[in-house]
Amino acid sequence: MNEFEKVGVSFVKDLRRIVGERAVIYEDREALEAYSSDESGGVYYSHLPEVVVKPENAKQISEIVKLAGDARVPITPRGAGSGLAGGAVPIYGGVVISFERMNKILEIDEENLVAVSEPGVVTNDLCKKVAERNLYYAGYPMSVETSFIGGNVATNAGGSKVIKYGNTVHHILGVEAVLPSGETVRFGGKRRKDSSGYDFVRLLAGSEGTLALFTKIFVNLIPLPGKTVDLLVPFKSTEDAVRNVAVAIKEGGVLPTAVEFIDKLSVKLGEKYNNVVLPFSDTAEAYLIVQFEGKSREELEKIYVNAGKALISHGAMNVFVADNRTNSDKIWKVRRNWLEGIKAFDPYVPTGDVVVPTSEIPKIIDFIKILSKESGVKIPVAGHAADGNLHPAPMKPEDMNPAAWKDYSEEILDKIALKAAELGGAVSGEHGIGFIKKRVLAETKPAQVSIMRSLKRVFDPNGILNPGKLFDL
Ligand SMILES: Cc1cc2nc3c(=O)[nH]c(=O)nc-3n(C[C@H](O)[C@H](O)[C@H](O)COP(=O)(O)OP(=O)(O)OC[C@H]3O[C@@H](n4cnc5c(N)ncnc54)[C@H](O)[C@@H]3O)c2cc1C
């Protein structure tokens, strides 16, 4: 039951006083609609906010939060809206706080190897800026060109390089955050160690806007890695491909930066969408893309020769090597644009995001194949195989109406998510729970959800911050 108050005229007047007339959207349906959904599927999962506010600093956010707390109006934080779990969808209306104007990189501290960023910086802008100083932010997701660093922290985003570098939380040294009380608190900072009490940075990363609003992010930097080489490896069966994930990880002699999986259906759709043809695409059932980093061409050559030989001896049809930018872009294009490629042919496609221990990838792939056959639904799959994170994307059968498809596709994705958890994995590897995966989270982690609820009450006793996300009210 909705226990919140509606946004009234005097509330909006106060918002305008705090941030200025032009930073508030109210009673403009078309403008509000842009803040009603994310990339999880606006067709199904959208809800109009009553008002959108675009603050510029922590002080303004603190005032907005106090105002909303007093008025019992729910707040939904929004980064770039590239989320795939509905986290930024204002399901109870209320205020959307958009971080789009907090888009400054405040500092690149080369001595401490830390960047301090506002939350609304597009992650790729941060990557480019630090690269100018030969530094590297290794935590970025595949949506690096669209998502914000604040959204990445709030979802604890992953990506293709987790096997070598870890996901977002491993690169975040601290955050400044406004709490639902309006208090601004810094957790962590430029230091790399901190054993003084609970690790709040780890708790807040992945909290999906339910505990605090990030206003500054302290990002760990490392020296820019050397050269890279990419291998495109076709296999005649998906079984062969997934069995070779372990080979790719172990046999090059160094840890790869990425081992990505993409199946035939995904490749076929991707070829059409990107207007490219991958070698062996008529006969290969699946591909791995393996990336290595090394200091010199000679070192890289040794690595890819070792890895290539091992992959061929374990059943690879061939190994295509890309050691320059142009060829590498060709190899990655279909994988990078995987979701867009499928959406071009099916606008109703939802994206699953399960994770399993890498040894269980064959079992989850088998499960998806059987489910696809039984349900009569095509389910292309791609994913970050090196860390066991797979994205099944069920496609709407042409003759099924969109309303029925919503329920059917959710049922399919829930079954896959529950199987992943049964195999020792989890119902989300990197996209988060939002409101779309609450059911399966509750089913697979009941004790943990109960603790999450208790923590939520400590941070947000009035329950105004992103209500209905992660778990029901
Ligand atoms: C084509 C495509 C590829 C993708 N690839 C990946 C991938 O490789 N890895 C991956 O992990 N994800 C991926 N995603 C999903 C998405 O990009 C990530 O979840 C991303 O981290 C979301 O960032 P955002 O800025 O868009 O956040 P939003 O979608 O705007 O918000 C996400 C969540 O964060 C909260 N939030 C946002 N900003 C703040 C803040 N400042 N303070 C507190 N809470 C906040 C919101 O309330 C919401 O719960 C992909 C999405 C697309 C469309």
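Out of the residues in segment 310-322 that are in a helix (DSSP H, G or I) and among the aliphatic types (A, V, I, L, M), which is farthest from residue 235 (Cα to Cα)? Even if it seems obvious, please write down each step before you answer.
Kept after step one, since they are in a helix (DSSP H, G or I), are these residues of segment 310-322: 310-313.
Okay, now just the ones that are also among the aliphatic types (A, V, I, L, M), so 310-312.
On the way: 310: 13, 311: 10, 312: 10 Å.
Within segment 310-322, the match that is farthest from residue 235 (Cα to Cα) is 310.
Restricting attention to segment 343-376, the residues being of a type in the set (S, T, N, Q) and touching a residue at least 60 places away in the same chain (Cβ under 8 Å) number 3. Only a single criterion out of (1) more than 11 Å from the ligand (Cβ to nearest atom); (2) modelled with pLDDT under 95 is not satisfied by residue 108, namely (2). Segment 1-119 holds strands (runs of 3 or more DSSP E) entirely within its bounds, and those carrying 3 or more residues that are closer than 30 Å to residue 346 by Cα map to 75-78. Reported count of residues in segment 131-190, each being closer than 19 Å to residue 212 by Cβ and aromatic (Phe, Trp, Tyr), is 2. Residue check: is residue 414 touching a Leu at 6+ places or on another chain (Cβ under 9 Å), at pLDDT 95 or above and of a type in the set (Asp, Glu)? Considered against the rule, which asks whether it is touching a Leu at 6+ places or on another chain (Cβ under 9 Å), at pLDDT 95 or above and of a type in the set (Asp, Glu), residue 414 comes out as no.
If you go through segment 119-149 and keep only what is aromatic (Phe, Trp, Tyr) and buried (at least 23 other Cβ atoms within 10 Å of the Cβ), you end up with 137, 140, 148.
The listed residues are 185, 175, and the only one of them that is without any contact (Cβ under 8 Å) to a residue 60 or more places away in the chain, surrounded by 24 or more Cβ atoms within 10 Å (Cβ to Cβ) and touching a Leu at 6+ places or on another chain (Cβ under 7 Å) turns out to be 175. Which condition does residue 357 not pass, out of (1) surrounded by 18 or more Cβ atoms within 10 Å (Cβ to Cβ); (2) of a type outside the set (A, V, I, L, M); (3) within 23 Å of residue 167 (Cβ to Cβ), if it passes all the others? So the condition that residue 357 fails would be (1).
Condition check ((1) away from the ligand (no atom under 15 Å from the Cβ); (2) closer than 14 Å to residue 260 by Cα) across all residues:
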residue: 296; (1), (2): yes, no
residue: 300; (1), (2): yes, no
residue: 304; (1), (2): yes, no
residue: 309; (1), (2): yes, no
residue: 334; (1), (2): no, yes
residue: 338; (1), (2): no, yes
residue: 349; (1), (2): no, no
residue: 376; (1), (2): yes, no
residue: 385; (1), (2): no, yes
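Exactly one residue out of 284, 307, 241, 246 is more than 18 Å from residue 226 (Cα to Cα) and part of a loop (DSSP other than H, G, I, E, B): that is 284. Among the residues of segment 323-332, are any buried (at least 20 other Cβ atoms within 10 Å of the Cβ), assigned to a helix (DSSP H, G or I) and modelled with pLDDT of 95 or more? Looking through segment 323-332, none of the residues is buried (at least 20 other Cβ atoms within 10 Å of the Cβ), assigned to a helix (DSSP H, G or I) and modelled with pLDDT of 95 or more. When we screen 193, 216, 236 for residues that are away from the ligand (no atom under 16 Å from the Cβ), basic (Lys, Arg) and more than 27 Å from residue 278 (Cα to Cα), the only hit is 193. Inside segment 53-90, can you point out the residues that are within 20 Å of residue 106 (Cα to Cα) and either of a type in the set (Asp, Glu) or at pLDDT below 95 (or both)? Hit for segment 53-90 is 56, nothing else. Looking only at residues in segment 41-100 that are within 25 Å of the chain's Cα centre (by Cα) and among the basic types (Lys, Arg), the one that is farthest from the ligand (Cβ to nearest atom) is 54. The residues in segment 160-169 that are surrounded by fewer than 23 Cβ atoms within 10 Å (Cβ to Cβ) and either β-branched (Val, Ile, Thr) or within 7 Å of the ligand (Cβ to nearest atom) (or both) can be counted, and the count is 2.
Conditions (1) of a type outside the set (Gly, Ala, Ser); (2) assigned by TED's automatic domain parsing to the domain that holds residue 362; (3) at pLDDT 95 or above, marked per residue:
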| residue | (1), (2), (3) |
| --- | --- |
| 233 | yes, no, yes |
| 249 | yes, no, no |
| 270 | no, no, yes |
| 292 | yes, no, yes |
| 295 | yes, no, no |
| 299 | yes, no, no |
| 311 | yes, no, yes |
| 315 | no, no, yes |
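If you go through segment 197-225 and keep only what is among the hydrophobic types (A, V, I, L, M, F, W, C), under 21 Å from residue 432 (Cα atoms) and not in a loop (DSSP other than H, G, I, E, B), you end up with 200, 201, 203, 204, 213, 214, 217, 219. Would you pick out the residues in segment 418-450 that are of a type in the set (Asp, Glu) and within 14 Å of the ligand (Cβ to nearest atom)? The one that is of a type in the set (Asp, Glu) and within 14 Å of the ligand (Cβ to nearest atom): 430. There is no residue in segment 439-455 that is touching a residue at least 60 places away in the same chain (Cβ under 8 Å), outside the structural domain of residue 41 (by TED's automatic domain parsing) and under 18 Å from the mean Cα position of the chain (by Cα).
The values are calculated or read from the model by the stated rules, or taken from the named source; none is laboratory data. This one's a predicted model, so the numbers in the text were calculated from it and none came from an experiment. Using ideal geometry, Cβ is built from the backbone for each residue, glycine included, and neighbour counts are taken over all protein chains shown.
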